[in-house]
Amino acid sequence: MKYKTLIGLEIHVELMTKSKLFCGCSTEFGGEANTHCCPVCLGLPGALPVINKKAVEYCIKAGLAFNCNIAKITKMDRKNYFYPDLVKGYQISQYDVPICSRGYVEIEREGKPKRIRLIRIHVEEDTGKSIHSEKGETLMDFNRSGVPLIEIVTEPDMNSPEEARSFLEKLKATLRYIEVSDCKMEEGSLRCDVNINVVEESTGKKSKIIEMKNINSFKGVVKALEYEEKRHRELLSQGKDTVRETRRWDEIRNETVVMRRKEGVSDYRYFPEPDLVKMEIKGEWIENIRKNFPELPQEKKERFMQEYGLPEYDSEVLTGTKELADFFEKTSKYVDDYKQVSNWIMGDILRRLKDEDMQIEDIRFNPMEFAELLNMVNKGEIGNNIGKKVLKEMFETGQSPKDIVRDKGLIQMNDEEEIKDIVNTVITENPQSVADFKNGKNRAIGFLVGQVMKKTKGKANPQIVNKLILEIIKAK
């Protein structure tokens with residue numbers, strides 16, 4: 001039997017405002033528990049909310065980035081439900097008139113563009129945080145309560161876990177480009193709820209939709225989806241069905257676990273927030289935001305291909321985050337070979353960042369120092385392999401390339417007479433390789449070059465070494 005997977009996502013994104021959605025308390029991450037609180041965000045009697053204009057602006061900005069319609073008149077609503085971290089017993093959110101609606105995000109699928117439709121983007125307040133102690137106690141930290149969020153809700157347009165990953169990566173990159181959120185999943189700035197079910201294509205029979213809450217990594221999203229996709233298909237193949245429920249991803253057991261039966265919209269008893277008036281979003285405000293819009297990832301990718309002559313793949317990788325794109329551009333101001341800059345960033349730098357679980361903004365050297373290293377390689381002051389060793393040292397110590405080369409005596413040997421003596425020694429010590437080369441085994445040259453580089457600790461100019469070996473062997 002053939003099955004089709006249907007995936008929809010609900011993404012909660014904390015906005016980078018300095019104060020909360022309805023009060024002046026700080027949104028800074030990591031403060032001492034319950035120190036960023038006031039009567040408003042604690043929901044104390046008589047405390048009245050005042051909406052944060054910057055949060056509304058950021059929501060509009062996200063809507064424009066994702067091709068949404070922006071409401072001219074909108075309002076806030078009360079979403080009523082009980083949960084320990086919901087201090088007021090309700091959440092101020094948006095129900096039937098979101099700020100942004102009917103947008104889309106375009107991803108690549110098998111080399112072709114595919115649109116993932118967005119139902120809505122609305123603004124709401126975050127909840128507090130439950131902290132479970134080793135003693136079995138649950139403590140509450142309400143510093144996060146009232147921090148402004150946008151919730152981005154998609155249509156079930158993704159048909160595989162990998163499509164969901166592509167969508168999330170594109171979404172995250174765009175949100176960081178427009179500077180409305182830092183999207184740090186480890187700090188809870190971006191959290192994802194997943195809805196999934198499966199259709200048996202020959203009969204049209206569908207499994208019931210399962211929701212998975214607050215998955216805090218893209219890897220976790222993919223693993224949870226793969227698990228549920230398999231579970232739904234197996235149940236349908238046995239003539240069974242899933243139960244409409246909310247589950248969570250257990251990273252230790254590598255499986256989803258039931259949390260509770262799924263609530264419906266009626267369970268939340270939405271009604272207009274009585275303490276806040278309706279909001280009018282004027283066209284001039286929207287146009288002013290649009291006029292000051294930053295360059296988006298797709299625009300930057302196309303510019304990199306045209307301005308720097310880079311292949312599409314390089315441009316795609318380099319514009320994956322705003323910070324990486326900025327690092328490339330700042331380096332390229334001082335290096336003429338843009339492809340060389342791209343190769344080193346995509347190879348050595350990204351590999352090291354992945355191994356160390358770092359971001360480009362965490363490295364201990366700046367683009368000018370990186371450019372200095374590449375120019376030393378281009379001028380023949382150090383060889384390519386020595387350059388890679390110097391880069392490794394820059395990652396570890398933050399020293400400038402010139403200081404590392406000077407302190408470790410890594411300046412490239414370009415004196416032909418000095419290199420010639422070493423080449424003669426290597427040729428004398430390896431008569432079999434010389435004979436192999438004369439018998440047509442060209443790879444023997446590579447071995448001899450390697451021996452010279454070994455004796456010079458990688459400092460000899462490889463072009464000069466190669467030239468001298470050929471000259472001396474042919475003269476014999």
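Would you confirm whether or not the range 186-196 contains a residue that is on the phi < 0 side of the Ramachandran plot and part of a helix (DSSP H, G or I)? Yes: the range 186-196 contains one or more residues that are on the phi < 0 side of the Ramachandran plot and part of a helix (DSSP H, G or I).
Please work out if residue 234 is touching a Pro at 6+ places or on another chain (Cβ under 9 Å), over 14 Å from residue 6 (Cβ atoms) and not in a strand (DSSP E or B). No: the conditions fail for residue 234. If you go through the range 24-59 and keep only what is open to solvent by less than 70 Å² (accessible area, probe 1.4 Å) and in a helix (DSSP H, G or I), you end up with 55, 56, 57, 58, 59.
Out of 445, 469, 422, I need the residue that is more than 30 Å from residue 368 (Cα to Cα), in contact with a strand residue (DSSP E or B) (Cβ under 8 Å, 6 or more places away or on another chain) and in a helix (DSSP H, G or I). Which one?
Result: 422 is the single residue among 445, 469, 422 that is more than 30 Å from residue 368 (Cα to Cα), in contact with a strand residue (DSSP E or B) (Cβ under 8 Å, 6 or more places away or on another chain) and in a helix (DSSP H, G or I).
Considered as a group, the residues in the range 118-142 that are open to solvent by less than 50 Å² (accessible area, probe 1.4 Å) and of a type in the set (Ser, Thr, Tyr) include one that is modelled with the lowest pLDDT, and that residue is 133.
Residue-wise test of (1) touching a Phe, Trp or Tyr at 6+ places or on another chain (Cβ under 6 Å); (2) charged (D, E, K, R); (3) under 22 Å from residue 56 (Cα atoms); (4) without any contact (Cβ under 8 Å) to a residue 60 or more places away in the chain.
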residue: 90; (1), (2), (3), (4): no, no, yes, yes
residue: 102; (1), (2), (3), (4): no, yes, yes, yes
residue: 135; (1), (2), (3), (4): no, yes, no, yes
residue: 143; (1), (2), (3), (4): no, no, yes, no
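Among the numbered conditions (1) in contact with an Asp or Glu (Cβ under 9 Å, 6 or more places away or on another chain); (2) under 25 Å from residue 95 (Cα atoms); (3) not hydrophobic (A, V, I, L, M, F, W, C), the only one that residue 269 does not meet is (1). Can you tell me which residue in the range 1-23 is farthest from residue 85 (Cα to Cα), limited to those that are more than 30 Å from the chain's Cα centre (by Cα) and open to solvent by 70 Å² or more (accessible area, probe 1.4 Å)? Here the residue is 1.
If you check residue 64 against the conditions, is it in contact (Cβ under 8 Å) with a residue 24 or more places away in the chain and in a loop (DSSP other than H, G, I, E, B)? Against the criterion (in contact (Cβ under 8 Å) with a residue 24 or more places away in the chain and in a loop (DSSP other than H, G, I, E, B)), residue 64 does not qualify. Residues that are within 15 Å of residue 377 (Cβ to Cβ) and surrounded by 15 or more Cβ atoms within 10 Å (Cβ to Cβ) within the range 449-469 comprise 458, 459, 460, 461, 462, listed in sequence order.
Elements of the type helices (runs of 4 or more DSSP H) sitting completely within the range 329-390 and holding at least 3 residues that are basic (Lys, Arg): these cover 350-356. Entry remark, the range 259-271: residues being open to solvent by 80 Å² or more (accessible area, probe 1.4 Å) and modelled with pLDDT of 85 or more number 2 in total. If I filter the range 92-106 down to residues being outside any loop (DSSP other than H, G, I, E, B) and open to solvent by less than 10 Å² (accessible area, probe 1.4 Å), which single residue comes out as farthest from residue 157 (Cα to Cα)? Ranking the qualifying residues of the range 92-106, first place goes to 92.
The values are calculated or read from the model by the stated rules, or taken from the named source; none is laboratory data. Fair warning: this is a prediction, and the values are worked out from it, not measured in the lab. For neighbour counting, all protein chains shown are included, and Cβ atoms are generated from backbone atoms with ideal geometry for every residue, glycine included. These accessible areas exclude ligands, DNA and RNA; they are computed on the full protein's heavy atoms, side chains included. Shrake-Rupley method; radii C 1.70, N 1.55, O 1.52, S 1.80 Å.
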